[in-house]
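Reviewing the structure listed below.
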Amino acid sequence: MVLVKEKRLLGVGILGCGPIAQFAHLESVQKGRNVTLAAVCDRDEGLAQRFGAFYDAATIYADYDKMLANPAVEAVIIATSDAFHVPAARKALAAGKHVLCEKPIGIAIEEVEELAQVVNRTGRKLQVGHMLRFDPGIQAAHEFVHSEMGEMLALKAWYCDSTHRYTMTDAIQPLPRLGAAALKPSGNPKADLRRYNMLAHGSHLVDLARWLGGPILAVQARVRERFGAQCFFIDVEFENGVLGHLDLTVAVRGDWHEGFQIYGQNGSVAAKTLNPWYYKSSEVDIFRECTGATTRVLGADGHFYRRQLESFADVVLKGAPMSGASIIDGAASMRAMAAILRSAESDKPVTLSQVVGAV
């Protein structure tokens, strides 16, 4: 099928040409119906030149400030390490650009809440890159939950990485190019492995739970670490009284294991989510009590990153409602992740409103 671009395209600049940009964002801009690649930027000029040329970027930069000064760049995709998300977003907003930022939005509650103030003050749009919200199967579940299911009783969700994930994904992804001059955070992000796993993997689980189940009031978490694996079992109290349980395990000895179950008044949902790099919609079974039948959406278009970007561009260009994660969602997820870590340390329940500081 030939790609057809719309007449009005959002000029996008990508900050960072590392693996996540190579695997997700560069192709998304190339294929997106309402976006064009106005610029790429990476401190490693070789990376910027290689991928800027390959994806036909209008301009290539090694200096972020210079890219932000380009009027053709209307929005920025921030595809850097977590520690640089908030500073890069603040700069972009100050320059009048809209922002689509990789998850997690930051590494500390205070910096994210300060960023929310900048978003409000500038009036620019900021969306956090929780691409599971653009999985067609999960979107079908969300629609059922909020329109047909009635009162929710309970939600269970799990994100279990696999020891074999890279064996499988290396078979379908190109070899990532790494730059010697690429910007890296000080210290080793994996030195605190609990924190690293919570930010890298738990951010998906927490945002999905919030999107489907509603705001989280409190958590109680237990963690076990054995044979190099780490497992969080998290009891969740949602503000609406729904019972929740989250399982974050890195890494299981077996296949990738991600999904959720929801029990409601007029039906239920059972979902199996595949490794995202397969670009295949979650297998979501929706049972309706009124018919006694289960249905499943095929969700043939499973390029979540492209769908995410197109939705973001519609927000900017057409004033469409934001269906992705907002800065408020990002801040709430940060607070939830911090509460989970505090609870795991203390072996006691933690209310989210009590939490301050870094994750």
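FYI, it's all coordinate maths here, none of it is from the lab. Owing to the predicted nature of the structure, the values given are computational and were not obtained by experimental measurement. Here the Cβ positions follow ideal geometry from the backbone for every residue, glycine too, while neighbour counts run over all protein chains shown.
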Residue order, fewest to most surrounding Cβ atoms within 10 angstrom, among L9, L309: L9, L309
Rounded Å value of the spacing that divides the Cα centres of segment 28-92 and segment 142-200: 23 Å
Cβ-based exposure ranking for H85, H245, in which fewest neighbours within 10 Å come first: H245, H85
Simple Cβ-charge dipole of segment 197-317, Lys/Arg +1 and Asp/Glu -1, about Cα centre, in debye nearest 20: 300 debye
Cβ-derived FRET efficiency at R0 35 Å, Y278 paired with K66, nearest 0.05: 0.40
Restraint check, K125/K280; K31/K66; K91/K272; K7/K91; K156/K184, Cα-Cα greater than 32 Å: K91/K272; K156/K184
Spin-label model distance (nm) - R226 vs C290, 7 Å beyond Cα toward Cβ: 4.7 nm
Separation of the E151 and L243 label points, Cα + 7 Å toward Cβ, nm: 1.5 nm
Intensity falloff of segment 228-359 expressed as log10 I(q)/I(0), Debye formula with alpha-carbon point scatterers, at q = 0.14, 0.23 Å⁻¹: -0.98, -1.31
Mean Cα-pair separation over length for the chain, i.e. relative contact order, pairs under 8 Å, 6 or more apart, %: 21 percent
GluC sites (Glu not before Pro) within segment 218-314: DSSP coil, no more than 16 neighbouring Cβ in 10 Å: E239, E289
Computed FRET value (nearest 0.05) for A180 with E27, which takes r as the C-beta separation and R₀ as 25 Å: 0.55
Proportion of all alpha-carbon pairs of segment 72-130 beyond 15 Å (%): 39 percent
Relative contact order [Cα under 8 Å, 6+ residues apart], segment 253-314, whole percent: 23 percent
Cβ-based exposure ranking for R307, R224, R195, R33, in which fewest neighbours within 10 Å come first: R224, R33, R195, R307
Residues N266 and K318, FRET efficiency given R0 of 56 Å [Cβ-Cβ distance, rounded to 0.05]: 0.95
Within-14-Å neighbourhood charge of G187 [Cβ basis; K, R +1; D, E -1]: +1
Antiparallel content of DSSP bridges confined to the chain, in %, to 5: 60 percent
Among V297, Q354, Y55 the positive-end extreme of the charge dipole of the chain (Cβ point charges): Y55
Tail beyond 29 Å, pair distance distribution of segment 99-251 (Cα, percent): 28 percent
Cα gyration tensor shape of segment 254-315, rounded if a/c is under 1.5, else prolate or oblate by comparing a/b with b/c: oblate
Rg over Rh [alpha-carbon atoms, Kirkwood Rh] for the chain: 0.96
